[in-house]
Amino acid sequence: MSSSSSRTVFALVVDDVDMVREAIRRYLQRHGCRVTTARDGVEGLEAIRARAYDAVIADLRTQRRGATWLYEQALMFRPDIRGRFVFCTSPPLPGPAVMSLVAGSERFLLKPFSLEAIWQQVREIVADKGNGRRASAPRIDVSPPPVGALRRT
């Protein structure tokens, strides 16, 4: 995870916007993560079937099968993936069904977000799972992004 950590963190980034997906990939790699990318939930599920991930950053709204579909499918054969997702989306906020899913065990970031916010979420997931515990409260960040935040064009 960092130069002082001996354990490699494996992350999956699922977003249909190339610029967003690649920016997150590069940022996490600079922090020592091994990163796989996917354009949508279908590609993401293929990646999850191939290996276990410490963290999954996934856009709720992709062209083909978004993050909630991916999450539900992944739980069927990898129940330990619960608590490892960071759901992301652009405004407007998702409906109550998605937000209740997030409030149950996962994290949420509203776009545009800073790359540091993603890194913070990944660190928290790894720390929570490393301690054998689930996050005590959901991490939902809908605050305005800082200057220089990643923006969708």
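Every number here is computed from the coordinates shown, using simple stated rules; none is lab data. Quick caveat: nothing in here was measured; it's all calculated off a predicted structure. Cβ: placed from backbone, ideal geometry, glycine included. Neighbour counts: every protein chain shown.
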Query - Spin-label model distance (nm) - Thr8 vs Ser90, 7 Å beyond Cα toward Cβ - result: 3.4 nm
Report task. Run the numbers on segment 1-81 and let me know its relative contact order in percent, using alpha-carbon pairs under 8 Å that are six or more apart. Result -> 32 percent
